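Take a look at the structure below.
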Amino acid sequence: MKLIIATTNSGKLKEVSSYLKNDTIQILSLADFPEIGDIVEDGSTFTENALIKARTVSIITGLQALADDSGLMVDALNGAPGVLSARFAPTTEERNAKLLDKLRKVPESERTARFVCAMAFVRPDGFEWTAEGSVEGMITLEASGNAGFGYDPVFYYPQLQATFADISKEEKNSISHRGNALRQFMAAVTDNSILT
């Protein structure tokens, strides 16, 4: 069976694919369908954006699609950057620098934040499934680590006393927002046979 992971982000694709390794699932991505182009994510929530992507990809290709929309919500910034996480600044480095700059006067104890991941699965027959995962942490005073991607170098996970960019991919997947949502997806696949 074919499943399109509705992303061009190589980091996301690797994380999602690591959960779906299975001889019966052929994993594709948006890189395999350049004709789809950019999908406008104009929803007001992560779930709305994930559904927009999954529906669009499934309709255009006639295949099953799994999409996620995820981002960072910082309490001191009233939940920003939120659904605009990827558009907070032009590059990853600029996004992280802008975030740290906005928080430079915020005391460490008030730098609470969470990563949120909404996942949406859509089949051509109209079946839709959604779930949301999250993980709590803090925003660091400066970037740390070379692993991961996105906001990982500034997202500190207290239980491991490290940023998401300081830990291995396997450690991150076991605790991350995306890992949480993917475990819910795999449970639905196993328990309810939602992949066809």
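Taken together, the values in this text are just the output of simple stated rules run on the coordinates, not laboratory data. A quick note: this is a predicted structure, and the numbers were derived from the prediction, not measured. Cβ atoms come from the backbone with ideal geometry, glycine included; neighbour counts cover every protein chain shown.
Here are the numbers for this structure:
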{"read-out": "Translational diffusion of segment 2-192, µm² s⁻¹ [Kirkwood Rh, Cα pairs; Stokes-Einstein; 37 °C; 0.692 mPa s]", "value": "193 µm²/s"}
{"read-out": "Cross-link pairs beyond the 31 Å C-alpha cut-off, checked among Lys105/Lys172; Lys2/Lys169; Lys21/Lys53; Lys53/Lys105; Lys12/Lys102; Lys2/Lys102", "value": "Lys53/Lys105; Lys2/Lys102"}
{"read-out": "Peptides ranked, highest mean first, by Cβ atoms within 10 Å: ranges 24-33, 51-60, 66-75", "value": "66-75, 51-60, 24-33"}
{"read-out": "Helical mean residue ellipticity (222 nm; -39500 (n - 2.57) per DSSP H run of 4+; nearest 500) of the chain", "value": "-9500 deg cm²/dmol"}
{"read-out": "DSSP loop chymotrypsin sites (Phe, Trp or Tyr not before Pro) with at most 15 other Cβ within 10 Å excluded, longest remaining stretch of the chain", "value": "1-126"}
{"read-out": "Inter-centroid distance (Cα atoms) of segment 1-51 relative to segment 119-196, Å", "value": "14 Å"}
{"read-out": "Range of Cα positions in segment 121-170 per principal axis (Å), largest first", "value": "47, 19, 18"}
{"read-out": "Beta bridges by DSSP in segment 2-192, antiparallel share as percent, to the nearest 5", "value": "80 percent"}
